[in-house]
Structures are given as C-alpha cells and as structure tokens.
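Below is one structure, written out as structure tokens; comments come after it.
The values are calculated or read from the model by the stated rules, or taken from the named source; none is laboratory data. Predicted, not measured: the structure shown is a model, and the values here were computed from it. Counting neighbours? That spans all protein chains shown, and the Cβs are built from the backbone with ideal geometry, glycine included. With ligands, DNA and RNA removed, areas are computed over all heavy atoms of the protein, side chains included. Shrake-Rupley method; radii C 1.70, N 1.55, O 1.52, S 1.80 Å.
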Amino acid sequence: MSVALCLESITGTCPGGAYADDIEGKESCIAAAKRFCLGVYAWGQQWGMELGIPKCGVLCISDNEALKQIHMNTKYTTPAGDIPAFTEYKYLGVVLDESTGLARGPGMNEGHVEINHCKKLAAKGEKALHALRPLFLDHYCPIPLKVAMLRTLVVSLMTYGAELAAFKQLNVAPIQRVVNTGIRWILGLSQNSTTFEAYTASFELGIPNMEAEFAMLRTRLYAKLGCADDPMVTWIQILHDHPYTSHSRTWVSLNEAYLGSVLQGMSKYTEPNEERKAPLREWARRGQIYEAHVRSNSYRSDYLDELHRARLDGIEEMFPGANFNWGEEQTLAHGFVEQYMDYDTERSRLIDSLNKPKKTHNELHLAFDVRDCVLERSMTANTSVAFAYYDQWAFGATRGYVRMALNRPDITLGVRWLIRVRTGTFPRVVDSWEKLRRLGKTPAYGRDECPLCRERVLSGYEWGHLMTSCSCETIMNARDRFLRPAIVGLSQMFVGDAPTRDLYSEVTGTSNQTSLAGVVAIFLVGGVVNTRYDNTYHIGFGHIDSIPVGLETHIYVPVAQFLQQVANSYVLKLTLDAEEDSDLDSDISGSLC
C-alpha cells in the first residue's frame, strides 16, 4: 500500500485537500478480492474520501485459464459502483498484466511483463528516433550533437522503468536494437554494411550500453532502499525491508543473487605495479577518469593536472640544467610525475565530489561497480574483429575527442571518417576488390594494393598507409600540410631521427612487432602501443584540454582535416566501377554532399 498522506495522524473527519493515492491489495482468491474492495470503500468513507472508480481495477494474476475467465465475469461491487475487472493495468509507466507474478524462468520470456515493458519502451524510442532521422542523416550536422540527441531524446526515453527489467540481456535487446539503428545513421552506414559492429561504435561515441545502464539503475534503487540515510516513504521500501518469504524469486531476492554473481568480476584485472584488483581493463578505466576530469563541475584529477602543468612549464624550467632531449621531454615519464594513475583513489575522489544529497557514497560506489562489471563482462563476451582491433590499440581511452569536436563543425566529415578508422569501418581494399570480381569486372588494383599508389597494404589498416607512406602526390601533399609535424614528433619520441619505414611491411598484428610507421599511425588516431600512455600525443589527442608539445592544436584536428581531404579520393578509386548501391556508395555520397 502506498499512501500519500500519513492518515493515522489525522483525528476526526479528514480535512479538505487530503488524499490517498495508489492503494494496492493482494488477495489469494476472488472472494477475498471482493472483501478488499468493500474495505477500501469503507476506509475512504471513514476519512471523508471518495472512491475513484474510473481509476480502479481488479487484475487476476494466474496461469489458470478457468480462474481468469471467472474473474472477467465477476462484478466487484461497492456502494460507489462496480470496480471493473482488467487484463492489464498501467502503473508508473509499467504495464502490469496477468504474467506479472510469474517467474522469470525459461519459456516465460515472450509473455513476461519485463520483456513486454521493454518492447513498449523500444517502440517509443523508435518513434522518437525516426522523428530525428533527418538530423541523423545530415552529414554536416556535428556528430557530438547527434550523439547528444540520441542520448537525451531517445535513450533516456527507453530507460524508464529500467529498475524492473535489468540484469537480463534478453530484456534490453529490443531497446539496444533501436540504439544500434541510431548509431548506424550517425556514422552514415547503410543497412548492407558488413563492417559495422554496433557495440564498438557505441562505445566510441560514448552512448551507454543498455545492459550496463539498466543494471546500474536497478542497483542504484536497490542500494537506495538499503543504504539511504532517510528511508523512502513508499511501499517498495516496505517490501524491501520485509520481503515475501512465500516466493523464492522476488525482486528483492533476485537483486541479491544478481549482484553476488556480477560483482565476482571486481577482481578481474590487476592495477599496474599494484596488488589491488579492478573490474575494467586499463584503457577503459583511464577513459572514465579522462571524461570525468573534463565533464564534472566539481572534480579534477590531480594526476592529469600535474601532467598539464609539466607540459606548460617544460622540463627545462622544472629541472634547470637537466640534460633532456626532445623525445624525452614529450614522454613525461621521467620522475617528475607519477607514472601510473591510481584508479581507486581517483574514482573515490570523484564520488566524493559529486555532492549528491540524495545519493549516499555507498550507493554510488555499488552502482558504479556493477556498471563496470557488467561492461567488462560484455567486452569479454564480444568476439568481433572490430572490438578486438579497438581493444588492441586502446582507442577507448581517448574517445572524449568526439565531444570536443563540437567546437570544430568545419571538420565534421573528417571526424566521421576518424570514428570509422577507430571502429574498424574504414573502407577496405579487399572488400571492394572482391565486390568488383563478383560483378565480373577486373579491378585496376590488386587484392592487397592501395588503389592510389599500388603499394602493398594490410587489410584493415589502409588508413594508416594513407597517413604515413602512400606515394600518391595528392595524398603526400595533404600529409605534408596536415600531419608532418605530428609524424616527425612521434618518430623522434620513439626512436630519435630514425627514418620512417613502410607501414606494416612485416606486421603480424601484435604490438611489439608493429613497425615504426605503424606505431606512428596508431598514435595519430588516438591509440596506444605497448601501454605507452601519458606521452604528450596520447594526452593531447583531444579528449582533455591539453595540447601536445610542438603542435598548435589537438591531434584529432589535423588528422580529421587530412581524412576529410583525402578519403573521398581513396573511396572513389575503390568504387569507380561499382554498379550497385552499397556501404561504400554511402561513403561517397556522405563525403561529397
């Protein structure tokens, strides 16, 4: 029972303006339900309140078809009128029906109230998504704006009632499909794209994973019920404090079981040079701190501020007379800052700084822990080539550049190409070559050759070849104009003045066997090789407010400018003879419009 006013404190006749809301009763048979209806009417009369018949109903929760038929033919009579028998009832946006009390076991998924609720939410989200479709398909609309619209106008609409349906991947599948469609539109990919992998693209754009988001929201409510300083004045608090013992699988008991299972992942990874354990891989943890450092109004990372100060002051000013070369100055890991970020300390400081009066420290900690564990579990389960590539080069740590790109609408198309580079959806030579062969045509380039300069390229890394070693005059001019300072600085940082070799000439896919040009290319697009975090090019990529030493802007800016200028020529060469609409045709139209 949920009562909006403490009626026990009122003596005599109820004064005007008082009301009772959301009175609920559970009875074991039809006769008892009739008595309850009469009892509610009598109670209202005692306190001077009328029974709102139009908002009342009796719902039979049972798998007995005969009993449900009797229920529908029964009149629940009160002096104020007959209360109708319902087959479903909407409460706080959740439609309760005859399956509400059934277990979440196998065979009940298709008709269970949870999956039905998620399908209704997905339908609402899809309607909102299609209303925004013209903006999502506008190639000149800044991508950060599209992401913000998807998060605030679509995703938020579909998380209402997440506390009911969390901890079951099947429940959120309809909602995740709507989100994936929005991501595909943002990247300008057709339905026929074979390289698009929604999970990787979603993480890159900073769009929440629905399974992790639902789990965090349910955990937060559960923690609020158990950890809050001031208990909630609702019936759910009473149910939490006095759970049903006649049912083995209730909302309260399932929370305890799910949390126990999920939190086993808390000790999956060891912190660098520490014995402490963490739920997430290192690049994901770093990315969280980077984003909190930029987005929070009350939290600043002391570690990142120290790195920023070091870059501003310079080593010579900090250590007069020290003999450092230019490469060492850029690495920033020579004793004047701590080498590793203490993730636990940073996150504790972040939670303390949030200053949410209605959220306790324990509540936030538990919710964040569950989100991280569910997120890591989903990463481990993802066996796609795109995510393996994304994980190998730790691209996720620097994904905050997408948000920063809102300040540069002039390179929107280049940012879109950069996102595709980092998520493994940049057009590949082998795909176009095989397509032309299927059409009965002879491609003008080899299966593993750059269509512009005919040099060998490694499939999936054609973008790196364009950035560092393509000998096409147009590409070389663009490279000299936009990328030369960054390429020179990165080369000197790692091996001094050693000449740049052909990109991926002997690469086998492992980071310690990647050539110098390959390392340069990975860092140019915000990746990391051999855990070389914290160098000036990683920190200055664009996800936080720091500029690399020797450059005038974040690295993502010249890279996006370069891609915006050359990607169109590259794609035109790939698809010059294509006759049918395809993913690559969509790329061309997106670049030319």
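Inside region 19-76, can you point out the residues that are assigned to a loop (DSSP other than H, G, I, E, B), without any contact (Cβ under 8 Å) to a residue 40 or more places away in the chain and of a type in the set (D, E, K, R)? Explain how you work it out, then say what you get.
Step one: of region 19-76, the residues assigned to a loop (DSSP other than H, G, I, E, B) are 19-29, 47-52, 56-57, 60-64, 73-75.
With without any contact (Cβ under 8 Å) to a residue 40 or more places away in the chain added as a condition, the list becomes 19-21, 23, 25-29, 48-52, 56-57, 60, 62-64, 73, 75.
Passing the criteria: D21, K26, E27, E50, D63, K75.
Restricting attention to region 175-221, the residues being modelled with pLDDT of 90 or more and hydroxyl-bearing (S, T, Y) number 5. Cβ-Cβ contacts under 7 Å between residues 6 or more apart (or on different chains), taken from a first residue in region 234-260 that is more than 20 Å from L217 (Cβ to Cβ) to a second residue that is at pLDDT 80 or above, are listed as P243/V252; P243/S253. Of all residues in region 118-163, none satisfies the criterion of being free of Cβ contacts under 8 Å to residues at least 40 places away in the same chain, small (G, A, S) and not in a helix (DSSP H, G or I). For region 48-90, filtered to residues that are in contact with a helix residue (DSSP H, G or I) (Cβ under 7 Å, 6 or more places away or on another chain) and open to solvent by 70 Å² or more (accessible area, probe 1.4 Å), the residue that is farthest from H117 (Cα to Cα) is P79. The single condition among (1) exposed (fewer than 13 other Cβ atoms within 10 Å of the Cβ); (2) at pLDDT 85 or above; (3) among the charged types (D, E, K, R) that K34 does not satisfy is (1). (1) in a loop (DSSP other than H, G, I, E, B); (2) crowded, with 22+ Cβ neighbours inside 10 Å: which one isn't true of P443, the others all being true? Only one criterion is unmet by P443, namely (2). Run M149 past the list (1) modelled with pLDDT of 90 or more; (2) surrounded by fewer than 21 Cβ atoms within 10 Å (Cβ to Cβ); (3) more than 20 Å from L189 (Cα to Cα) and report the number of the one that doesn't hold. Failed condition: (3).
Look at (1) under 27 Å from N568 (Cβ atoms); (2) touching a residue at least 40 places away in the same chain (Cβ under 8 Å); (3) buried (at least 23 other Cβ atoms within 10 Å of the Cβ) and you find that A166 fails only one, number (1).
All of (1) within 22 Å of Y269 (Cβ to Cβ); (2) crowded, with 21+ Cβ neighbours inside 10 Å; (3) in contact with a Leu (Cβ under 9 Å, 6 or more places away or on another chain); (4) not small (G, A, S) hold for M379 with one exception: (2).
Residue-wise test of (1) within 20 Å of the chain's Cα centre (by Cα); (2) among the hydrophobic types (A, V, I, L, M, F, W, C); (3) assigned to a helix (DSSP H, G or I).
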site: S190; (1), (2), (3): no, no, no
site: T200; (1), (2), (3): yes, no, yes
site: H240; (1), (2), (3): no, no, yes
site: V262; (1), (2), (3): yes, yes, yes
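Of I143, I115, which residue is under 30 Å from K224 (Cα atoms), open to solvent by less than 80 Å² (accessible area, probe 1.4 Å) and among the aliphatic types (A, V, I, L, M)? When all the criteria are applied, what remains is I115.
Among helices (runs of 4 or more DSSP H) entirely within region 446-513, having at least 3 residues that are modelled with pLDDT under 90 singles out 484-495. Does R422 count as touching a residue at least 24 places away in the same chain (Cβ under 8 Å) and either over 19 Å from the mean Cα position of the chain (by Cα) or surrounded by 20 or more Cβ atoms within 10 Å (Cβ to Cβ) (or both)? Yes.
Quick one: is R403 open to solvent by less than 10 Å² (accessible area, probe 1.4 Å) and of a type outside the set (F, W, Y)? Criteria not met by R403.
Quickly run through region 400-416 and pick out the residues that are part of a helix (DSSP H, G or I) and among the small types (G, A, S). Can you show your working first?
Filtering region 400-416 for residues part of a helix (DSSP H, G or I) gives 401-407, 409-416.
Answer for region 400-416, where residues must be part of a helix (DSSP H, G or I) and among the small types (G, A, S): A405, G414.
Filtered by the rule that a residue be under 21 Å from D545 (Cβ atoms) and open to solvent by 10 Å² or more (accessible area, probe 1.4 Å), region 385-400 gives a lone residue, R399. Answer with yes or no whether L312 is surrounded by 20 or more Cβ atoms within 10 Å (Cβ to Cβ), of a type outside the set (K, R) and at pLDDT below 80. So L312 fails the test. Does D369 fit the bill of being in contact (Cβ under 8 Å) with a residue 40 or more places away in the chain, charged (D, E, K, R) and more than 14 Å from F203 (Cα to Cα)? Criteria met by D369. With respect to the conditions (1) part of a helix (DSSP H, G or I); (2) open to solvent by 50 Å² or more (accessible area, probe 1.4 Å); (3) farther than 20 Å from H361 by Cα, R249 lacks only one, and its number is (1).
Checked against (1) closer than 30 Å to L551 by Cβ; (2) under 22 Å from the mean Cα position of the chain (by Cα), G460 meets all criteria but (2).
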